[in-house]
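See below for the structure under consideration.
The values are calculated or read from the model by the stated rules, or taken from the named source; none is laboratory data. Not measured: the values here are computed from a predicted model. Note that each Cβ is placed from the backbone with ideal geometry, even for glycine, and that neighbours are counted across all protein chains shown. Calculation scope for accessible area: heavy atoms of the full protein, side chains included, ligands and nucleic acids excluded. Shrake-Rupley method; radii C 1.70, N 1.55, O 1.52, S 1.80 Å.
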Amino acid sequence: MVIQVNNTIQRDNTCEKHSSDIAYLLSYFEENKHFPLFSQVLIETRTDCNNRCSFCPQSHYRKPLGEMSWDCFAAIISQLENMKFAGRIALFLSNEPLLDKRLLQMIRYAREHVARAFLDITTNGKLLTVSVVDDLLSSGIDNIKINDYRSDRDVSPDSMSQNLKEVMDVFRFNPKVCYKPRRTDEQLPNYAGIIEQQLGDTECSFCNYPFRKLTIAYNGDVLLCCNDFSYKTIFGNVLTDSLVSAWNSSEYNDIRLSLLQGKRINLCSKCNETQEYNTF
């Protein structure tokens with residue numbers, strides 16, 4: 001845990017299991033007066049999903065239907081290109097990416113302008129066919145993660161949705177196409193209070209999302225993290241602010257510093273997400 005007293009940040013022995021992450025972030029902030037740059041960019045190109053799983057906020061909160069303007073998308077990609085960004089660009093948030101009819105165009109555009117980036121989508125697979133996967137791969141995608149959500153896992157734990165059988169038969173040896181059987185009744189974290197759950201004891205539970213993921217809503221707003229499903233936090237907008245200035249905003253850093261102190265403020269106070277592995 002780190003404690004800030006009279007503008008001096010100190011660390012005690014609490015939460016030692018997170019000490020390496022905390023020590024790295026603390027040292028970096030003290031030396032540079034800002035935190036490390038994001039390694040991932042999550043872009044909500046549009047809202048909505050064609051599935052309703054009990055563990056997902058899509059089943060608990062109806063956000064407005066919206067689609068990111070091309071000017072907004074191009075502004076994001078232009079900034080990443082100028083930064084020579086070489087991390088992950090995920091073309092989805094809490095939505096189904098294949099619902100966006102411009103997805104192939106967006107992949108091609110991102111690949112052309114940010115050639116070093118890792119382009120990624122996660123899909124429920126309902127709209128996948130062999131030809132769709134062919135198009136995604138030829139457009140330049142690096143990873144297609146398929147979460148096959150089914151309600152019959154108790155009786156058929158390895159069952160596969162019919163449309164995915166041909167897909168996986170063709171692409172089973174392709175490391176860019178990843179299949180995972182999932183349940184429709186899983187229990188995941190509460191998406192910052194959107195899903196009613198007991199909050200539990202999050203004291204000293206470290207979450208690294210705000211330290212590595214830049215999250216951008218369909219309207220260009222920069223959010224705290226991917227758990228801000230209802231857009232409660234805004235640190236800038238890509239059409240008026242730079243990605244770096246939004247990432248380094250004082251309000252954003254206040255939340256990060258609180259996490260490093262083992263405290264949760266703002267949206268984090270309602271969230272039971274924990275990321276307890278070292279990634280820095």
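State, to one decimal in nm², a quarter of the convex hull surface area for the C-alpha atoms of the range 121-277, i.e. the direction-averaged projected area.
On the way: hull surface 46.3 nm².
That works out to 11.6 nm², a quarter of the Cα hull's surface.
With every protein chain kept in the model, how would you rank His60, His113 by accessible area, 1.4 Å probe, largest at the top? Don't skip to the answer; put the middle values down first.
Working: His60 90, His113 50 Å².
Descending order: His60, His113.
With the crude spin-label approximation of a point 7 Å out along Cα→Cβ, what separation in nm comes out for Asn51 versus Leu239?
3.2 nm
Semi-axes of the equivalent ellipsoid for the range 136-190, please: Cα gyration tensor eigenvalues, times 5, square-rooted, ordered largest first, whole Å.
Numbers: eigenvalues 111, 46, 12 Å².
Its equivalent ellipsoid spans semi-axes of 24, 15, 8 Å.
Would you mind checking the tilt of helix 70-82 against the longest principal axis of the Cα atoms of the chain, expressed as 0 to 90 degrees and rounded to 10?
60 degrees
Take the residue pairs Lys101/Lys232; Lys84/Lys213; Lys33/Lys270; Lys101/Lys180 and return only those whose Cα atoms are more than 19 Å apart. Can you show the working numbers first?
Working: Lys101/Lys232 28 Å; Lys84/Lys213 17 Å; Lys33/Lys270 28 Å; Lys101/Lys180 24 Å.
Over 19 Å apart, Cα to Cα: Lys101/Lys232; Lys33/Lys270; Lys101/Lys180.
List the residues, sorted by chain then number, that are 5 or more residues from Asp148 or on another chain and whose placed amide H is less than 5 Å from its amide H.
For Asp148, the qualifying residues are Lys180, Arg182.
Using a basic spin-label model with each label point 7 Å from the Cα along Cα→Cβ, how many nm lie between Phe118 and Ser159?
Simple spin-label model gives 3.3 nm for this pair.
Per residue, how large is the accessible surface of the chain? Use a 1.4 angstrom probe and give square angstrom. Numbers along the way, then the final one.
Working: 13210 Å² over 280 residues.
Here the residues of the chain average 47 Å² of exposed surface.
Multiply the residue separation of Ser39 and Glu166 by 0.36 nm, subtract the distance between their alpha-carbon atoms, and state the gained length in nm to one decimal.
So the chain would gain 42.3 nm between Ser39 and Glu166.
Measure nothing fancy, just the Cα-based angle from helix 250-260's long axis to the longest principal axis of the chain, in degrees from 0 to 90, nearest 10.
On a 0 to 90 degree scale, this one is about 80.
I need the peptides 137-145, 256-264 ranked by packing, meaning the mean over residues of other C-beta atoms within 10 angstrom, with the highest value on top.
Details: 137-145: 17.3, 256-264: 19.7.
Top to bottom by mean Cβ count within 10 Å: 256-264, 137-145.
In debye, nearest 20: dipole of the range 145-238 around its Cα centre with unit charges on the Cβ of K, R (+) and D, E (-)? Walk me through the numbers before you get to the answer.
On the way: 12 positive and 13 negative charges, 95 e Å.
Roughly 460 debye, rounded to the nearest 20.
Compute the helix-to-body angle for 19-32: its Cα long axis versus the longest principal axis of the chain, expressed 0 to 90° and rounded to tens.
The angle comes out at about 70 degrees.
Expressed as a whole number of Å, what is the distance separating the alpha-carbon centroids of the range 234-256 and the range 78-109?
Here the two parts' Cα centres lie 20 Å apart.
For the range 6-136, what mean projected area does the convex hull of the alpha carbons give, in nm²? All intermediate terms of the calculation are to be shown ahead of the outcome.
Working: hull surface 48.1 nm².
So the mean shadow area of the Cα hull is 12.0 nm².
If you bin the C-alpha pair distances of the chain every 5 Å from 0, what whole percents do you get?
Going out from 0 Å in 5 Å bins, the chain shows 1, 5, 11, 15, 17, 16, 14, 10, 6, 3, 1, 0, 0 percent.
Would you be so kind as to identify which of Ser245, Leu267, Ile146 lies farthest towards the positive end of the dipole of the chain, taking Lys and Arg as +1 and Asp and Glu as -1 on Cβ and the Cα centre as origin?
Ile146
Give me the percent of the accessible area of the chain that comes from carbon and sulfur atoms, probe 1.4 Å, all protein chains in place.
On the way: 6300 of 13210 Å².
So the carbon and sulfur contribution to the accessible surface is 48 percent.
Starting from the alpha-carbon convex hull of the range 93-173, give the projected area averaged over all orientations, in nm².
Working: hull surface 24.1 nm².
That works out to 6.0 nm².
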